[in-house]
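A short write-up of the structure that comes next.
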Amino acid sequence: MNSDNDLQIAGDILEVPHLLQPPREHPATVAEFVGLARSIAADRAQWAHLVRYDATTRWYHRLRTGPGYEVWLLSWVPGQSSGRHDHGRSSGVLTVLEGTLTERTGRGTRALAAGAQRVFAPGYVHEVVNDALEPAVSLHVYHPGLSEMPMHTSPYCEARPVTA
Ligand SMILES: [Fe+2]
């Protein structure tokens with residue numbers, strides 16, 4: 001039997017390293033940013049000692065920077081909210097590390113438990129709030145960094161029927 005997926009490697013592929021692509025030092029694709037967030041989430045030693053719950057403000061810590069990206073750790077006590085905002089020209093990946101956060105958008109509300117991830121493009125508007133009874137921790141990867149976070153004060157526009 002033969003097929004197009006019949007490729008086999010004879011011998012040890014590690015003996016021909018010039019045929020392998022070198023691993024990238026820094027993430028550059030959405031999948032790689034998601035993967036970076038997952039790997040940090042799984043390694044509590046990278047972030048658990050940096051969590052600080054501050055009742056007066058959400059607590060931020062820039063965990064890492066690289067070419068074209070920043071990684072932020074946020075700590076949320078119950079009741080703390082980001083307010084409704086976008087991320088300027090940045091895209092990002094939000095990952096909940098501990099607790100549960102609630103995300104509100106013009107399309108509705110969703111609970112994000114530990115392990116949940118949201119990927120968003122430039123212009124995405126949302127509000128994130130800890131409306132649970134326990135503190136929460138989240139990880140935010142921004143590409144290419146977060147240079148602005150415009151706040152939105154007007155309520156979400158309700159979908160309206162299109163009229164001619
Ligand atoms: Fe955000």
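The values are calculated or read from the model by the stated rules, or taken from the named source; none is laboratory data. The shown structure was predicted, so the numbers you read here are calculated from the model rather than taken from an experiment. A quick note on method: Cβ atoms are made from the backbone with ideal geometry, for glycine too, and the neighbour counts reach across all protein chains shown. Surface accessibility is based on the protein's heavy atoms, side chains included, excluding ligands, DNA and RNA. Shrake-Rupley method; radii C 1.70, N 1.55, O 1.52, S 1.80 Å.
Do you know which residues across the stretch 54-81 are over 16 Å from His26 (Cβ atoms) and either among the acidic types (Asp, Glu) or modelled with pLDDT under 95 (or both)?
Within the stretch 54-81, Asp54, Ala55, Thr56, Thr57, Arg58, Trp59, Tyr60 qualify.
Please give the number of the condition Val137 fails out of (1) more than 12 Å from the ligand (Cβ to nearest atom); (2) more than 19 Å from Arg52 (Cβ to Cβ); (3) touching a residue at least 12 places away in the same chain (Cβ under 8 Å).
(2)
Identify the residue in the stretch 16-25 that is open to solvent by 60 Å² or more (accessible area, probe 1.4 Å) and outside any helix (DSSP H, G or I) and, among all such residues, is modelled with the highest pLDDT. Show your work before the answer.
Step one: filter the stretch 16-25 for residues open to solvent by 60 Å² or more (accessible area, probe 1.4 Å), giving 17-25.
From the residues that got through so far, the ones that are outside any helix (DSSP H, G or I) too are 20-25.
Numbers: Leu20: 72, Gln21: 73, Pro22: 74, Pro23: 72, Arg24: 81, Glu25: 86.
Taking the candidates together, the pick is Glu25.
Go through the stretch 37-68 and give me each residue that's within 15 Å of the ligand (Cβ to nearest atom) and open to solvent by less than 80 Å² (accessible area, probe 1.4 Å).
Ala37, Arg58
Going residue by residue through the stretch 128-137, is there one that turns out to be assigned to a strand (DSSP E or B) and open to solvent by 20 Å² or more (accessible area, probe 1.4 Å)?
Scanning the stretch 128-137, I find no residue that is assigned to a strand (DSSP E or B) and open to solvent by 20 Å² or more (accessible area, probe 1.4 Å), so the answer is no.
So in the stretch 98-108, with the set limited to residues that are more than 15 Å from the ligand (Cβ to nearest atom) and assigned to a strand (DSSP E or B), which one is farthest from the chain's Cα centre (by Cα)?
Step by step, filter the stretch 98-108, then rank; the result is Gly108.
Can you tell me which of Arg38, Arg64 is under 15 Å from Gly145 (Cβ atoms) and of a type in the set (D, E, K, R)?
Arg64 is the lone residue from the list that is under 15 Å from Gly145 (Cβ atoms) and of a type in the set (D, E, K, R).
Ala121: without any contact (Cβ under 8 Å) to a residue 24 or more places away in the chain, more than 10 Å from the ligand (Cβ to nearest atom), open to solvent by 40 Å² or more (accessible area, probe 1.4 Å) and closer than 26 Å to Glu32 by Cα, yes or no?
So Ala121 fails the test.
Read through the list (1) at pLDDT below 95; (2) within 14 Å of the ligand (Cβ to nearest atom), then give the number of the only condition that Pro144 fails.
(2)
Just for the stretch 69-90: of the residues that are within 15 Å of the chain's Cα centre (by Cα) and open to solvent by 30 Å² or more (accessible area, probe 1.4 Å), which one is nearest to the ligand (Cβ to nearest atom)?
My answer is Trp72.
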